[in-house]
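The values are calculated or read from the model by the stated rules, or taken from the named source; none is laboratory data. Just so it is clear, the structure is predicted and the values come from calculations on it, not from any experiment. Heads up, the Cβs are rebuilt from the backbone with ideal geometry, glycines too, and the neighbour counts pull from every protein chain shown.
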Amino acid sequence: MFIGMLRVLLNWRFLPAKFQAWLFGTATRVLEAVSGLGLVGYAAVFAFAPDEIYAWRIYYKFQDIPEAWTVGVLGAAGLLQTALLFARGFKGNVAAAYLLLFSGFVWFLISVAFLGAYPPLNTGMVVPPLLAFFCALAGNNALKFLFSAQKARGLANEGS
């Protein structure tokens with residue numbers, strides 16, 4: 001019962017349709033911007049100052065990954081997510097929602113790398129896990145909303 005209630009709360013499907021449209025439209029775009037620019041920022045730091053960043057203990061786990069992969073994945077995901085801010089229409093919104101899911105996974109991996117450097121406790125254990133959670137949650141719920149809205153429109157068009 002508790003799991004069912006938690007699922008309903010995290011789905012946000014109980015909210016009015018207009019509020020859901022705003023939440024999974026405008027509000028989600030803000031999250032996409034923060035996530036995309038954050039990923040581009042991480043990519044830039046690893047591209048332009050890798051030796052300095054690896055000298056800090058909290059970043060030592062990132063050395064296990066080839067630098068080209070780190071910069072490539074972070075940069076590509078961040079740039080694509082930022083570019084999709086300007087996408088309009090159903091396909092653009094679906095692509096942006098799937099990219100939110102992917103960026104949530106990337107933020108999760110960044111969180112794991114920071115967790116691997118524990119101790120000491122650091123800010124990398126706060127922001128990336130929150131972004132991972134919210135990106136995955138928003139991407140999942142945006143997809144559910146988009147497909148349910150498309151299905152409702154399709155049924156409405158068939159009836160007329």
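Numerical summary
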item: Residue check for F102: among the aromatic types (F, W, Y) and either surrounded by fewer than 16 Cβ atoms within 10 Å (Cβ to Cβ) or modelled with pLDDT under 95 (or both); result: no
item: Failed criterion for G89 (all others in (1) in contact (Cβ under 8 Å) with a residue 60 or more places away in the chain; (2) more than 30 Å from D51 (Cβ to Cβ) hold); result: (1)
item: Boolean, Y42 is among the hydroxyl-bearing types (S, T, Y) and more than 28 Å from K144 (Cα to Cα); result: yes
item: So I53, is it in contact (Cβ under 8 Å) with a residue 40 or more places away in the chain, closer than 21 Å to F108 by Cβ and of a type in the set (V, I, T); result: no
item: Qualifying residue in the stretch 55-63 (condition: touching a Phe, Trp or Tyr at 6+ places or on another chain (Cβ under 7 Å), over 22 Å from G25 (Cβ atoms) and surrounded by fewer than 19 Cβ atoms within 10 Å (Cβ to Cβ)); result: yes
item: Which numbered condition L121 misses (of (1) more than 20 Å from the chain's Cα centre (by Cα); (2) among the hydrophobic types (A, V, I, L, M, F, W, C); (3) surrounded by 13 or more Cβ atoms within 10 Å (Cβ to Cβ)); result: (3)
